[in-house]
Amino acid sequence: MSSKRKVLLMGKSGSGKTSMRSIIFANYIARDCSRLGPTIEVEHAHVRFLGNMVLHLWDCGGQESFMENFLMSQKDQIFKNVQVLIYVFDVESREFEKDLRYYQSCLEALLQNSPNAQVFCLIHKMDLIEEDKRDETFKKREADVLRYSELAATPLGERSNAVCQCFKSSIWDETLYKAWSAIVYHLVPNVNTMEDKLAKFGNVLEATEVILFERATFLVIAHAVLSPHKDPHRFEKVSNIIKQFKLSCLKMGSKLDSIQVRNSRFTAFIDTFTQNTYVMIVVPDGKVSAPMITMNVKNARKVFE
Ligand code: GTP
């Protein structure tokens with residue numbers, strides 16, 4: 001039996017919803033996104049994700065007439081049975097206050113129809129902000145979003161104090177993968193059990209990290225870090241790079257099976273793992289041989305299927 005998760009993707013027209021969906025789930029590259037037309041009403045996408053889990057994405061067109069309909073005549077249909085709302089803000093929007101008011105209305109409709117849904121807000125197109133101003137701009141936008149979330153009213157007219165998590169994102173770098181990996185992490189059942197198993201597996205191999213990526217999207221779904229690392233963004237960088245590489249392989253008519261990257265300090269093995277995942281194992285250089293890792297990955301598959 002499949003378990004379906006309804007994910008609403010909302011935000012004003014041109015904020016970048018269809019672009020991010022197309023890159024993560026439909027193998028688009030960033031430069032192709034400028035050719036996407038506006039979404040009319042709602043576009044549905046079913047994405048099989050990790051075995052029997054299906055993400056039912058509702059990409060809701062952001063033009064005002066559609067937004068008004070979603071909030072009035074189609075309110076029940078749109079906001080019922082939602083597991084996750086992802087609201088996308090264009091960081092450079094000239095009407096940020098207005099965007100916030102729309103967001104608040106959507107949040108109130110969600111609280112009425114799916115009170116247990118989780119809410120994620122993406123402050124998107126961060127590449128348009130000068131690099132040294134990004135953190136400050138993000139914090140300002142995040143504070144606004146959190147303020148409007150708290151102020152949203154419950155169906156009883158009380159202040160909801162709704163909680164939402166904000167991420168900065170851009171289709172032009174790995175922040176897109178960081179944000180979507182974090183969202184998907186909340187949707188995957190039993191992540192903790194999976195991470196315990198990964199840690200045990202990593203210990204057997206004397207690895208420093210073991211990371212599990214979803215096979216089609218290359219989003220990180222679980223990881224075990226067995227020794228500390230300086231770069232907190234390394235997972236999403238790997239997602240981004242390997243996804244691009246995988247697309248290049250596809251263009252050449254070949255399929256990505258496994259990769260080995262070696263430098264003077266470590267070796268990283270990326271290999272197909274279960275039916276829906278790739279695994280990456282990082283070991284200090286000289287610790288283990290490639291055939292040994294390959295054999296262990298093969299033997300571990302059945303434990304993770
Ligand atoms: P509607 O379908 O009308 O609701 O719009 P949308 O939110 O789906 O916007 P869409 O994905 O069609 O993107 C609009 C434009 O923004 C496109 O030209 C994209 O190339 C551009 N865009 C999307 N993401 C980014 C980003 O991270 N940075 C920059 N600079 N441009 C982006």
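The values are calculated or read from the model by the stated rules, or taken from the named source; none is laboratory data. What you are looking at is a predicted structure, and each value in this text was computed from that prediction instead of being measured. Every residue, glycine as well, gets a Cβ built from its backbone with ideal geometry; the counts of neighbours run over all protein chains shown. Heavy atoms of the whole protein, side chains included, go into the accessibility calculation; ligands, DNA and RNA do not. Shrake-Rupley method; radii C 1.70, N 1.55, O 1.52, S 1.80 Å.
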Directionally averaged projected area (convex hull, Cα atoms, the chain), nm²: 17.3 nm²
Segment Glu43-Asn116, extension gain: residue separation times 0.36 nm, minus the distance between their alpha carbons: 23.9 nm
Modelled FRET efficiency - R0 22 Å, Arg301 with Asn192, Cβ distances, 0.05 increments: 0.60
Once you put a point 7 Å from the Cα of Lys230 and another 7 Å from the Cα of Glu92, both along the Cβ direction, what distance in nm separates them? 3.3 nm
Normalised by the number of residues in the stretch 222-305, what is the relative contact order in percent for Cα pairs under 8 Å and 6+ residues apart? 17 percent
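May I ask you to derive the FRET efficiency for Gln275 and Phe245 from their Cβ-Cβ distance with R0 = 25 Å, giving the value to the nearest 0.05? Numbers along the way, then the final one.
On the way: r = 21 Å, r/R0 = 0.84.
E between Gln275 and Phe245, to the nearest 0.05, is 0.75.
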The long-range amide H neighbours of Gln118, using H built 1.01 Å from N in the peptide plane and a cut-off of under 5 Å, are Val84, Leu85
Kindly sort His124, His44 by accessible area of their heavy atoms, largest first, with the probe set to 1.4 Å. His44, His124
List every DSSP H helix in the chain whose Cα atoms extend 18 Å or more along the helix's own long axis and whose mean Kyte-Doolittle hydropathy is at least -0.5. 175-187, 191-205, 234-251, 290-304
Determine the percent antiparallel among the DSSP beta bridges restricted to the stretch 67-194, to the nearest 5. 10 percent
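Please state the relative contact order of the stretch 32-104 as a whole percent: Cα pairs under 8 Å, 6+ residues apart? Could the numbers behind the result be given before it?
Values: 44 pairs, mean separation 14.2, N = 73.
Normalised by residue count, the contact order of the stretch 32-104 is 20 percent.
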If you count only protein heavy atoms and use a 1.4 Å probe, how large is the accessible surface of Ser19, to the nearest 10 Å²? 20 Å²
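Rounded to the nearest 500, what is the 222 nm mean residue ellipticity of the chain from helices alone, with -39500 (n - 2.57) per DSSP H run of 4+ residues and division by all residues?
Values: 9 runs with 119 residues, N = 305.
When only DSSP H runs of four or more count, the value is -12500 deg cm²/dmol.
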Taking H as built 1.01 Å from N, whose amide H comes closer than 5 Å to the amide H of Gln63, not counting residues under 5 places away? Ser13
Using a 1.4 Å probe on the protein heavy atoms only, what accessible surface does Val119 show? Give it in Å² to the nearest 10. 10 Å²
Which trypsin sites (Lys or Arg not before Pro) in the stretch 244-305 pass both tests, a DSSP loop state and at most 10 other beta-carbon atoms within 10 Å? Lys255, Arg265
What percent do you get for the relative contact order of the chain when only Cα pairs under 8 Å and 6+ apart count? 14 percent
Quick one: length gained pulling Lys133 to Thr154 fully straight, 0.36 nm per residue minus the C-alpha distance? 4.0 nm
Using a Cα-Cα cut-off of under 18 Å, which aspartates and glutamates could be cross-linked to Lys246, ignoring same-chain neighbours fewer than 8 residues away? Asp32, Asp173, Glu174, Glu214, Glu236, Asp257, Asp271
Picking from His124, Ser93, Ser114, whose Cα lies most toward the positive end of the charge dipole for the stretch 67-151 (charges on Cβ: Lys, Arg +1; Asp, Glu -1)? Ser114
Long-range amide H partners of Met53 with built H, under 5 Å: Ser3
What is the distance, in nm, between label points placed 7 Å from the Cα along the Cα-to-Cβ direction at Ser258 and at Ser65? 5.6 nm
For Lys243, give me every one of the lysines with a C-alpha distance below 17 angstrom, ignoring sequence neighbours fewer than eight places off in its own chain. Lys178, Lys251, Lys255
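Just by accessible area at a 1.4 angstrom probe, what is the order of Glu41, Glu214, Glu195, Glu108 from largest to smallest? Each step should come with its number before you reach the end.
On the way: Glu41 85, Glu214 5, Glu195 30, Glu108 60 Å².
Result, largest first: Glu41, Glu108, Glu195, Glu214.
Suppose the chain between Arg147 and Met292 were pulled fully straight at 0.36 nm per residue; how much longer would it get relative to their current alpha carbon spacing? Write out the running numbers ahead of the final one.
Values: separation 145, 0.36 × 145 = 52.20 nm, distance 5.30 nm.
Value of the extension gain: 46.9 nm.
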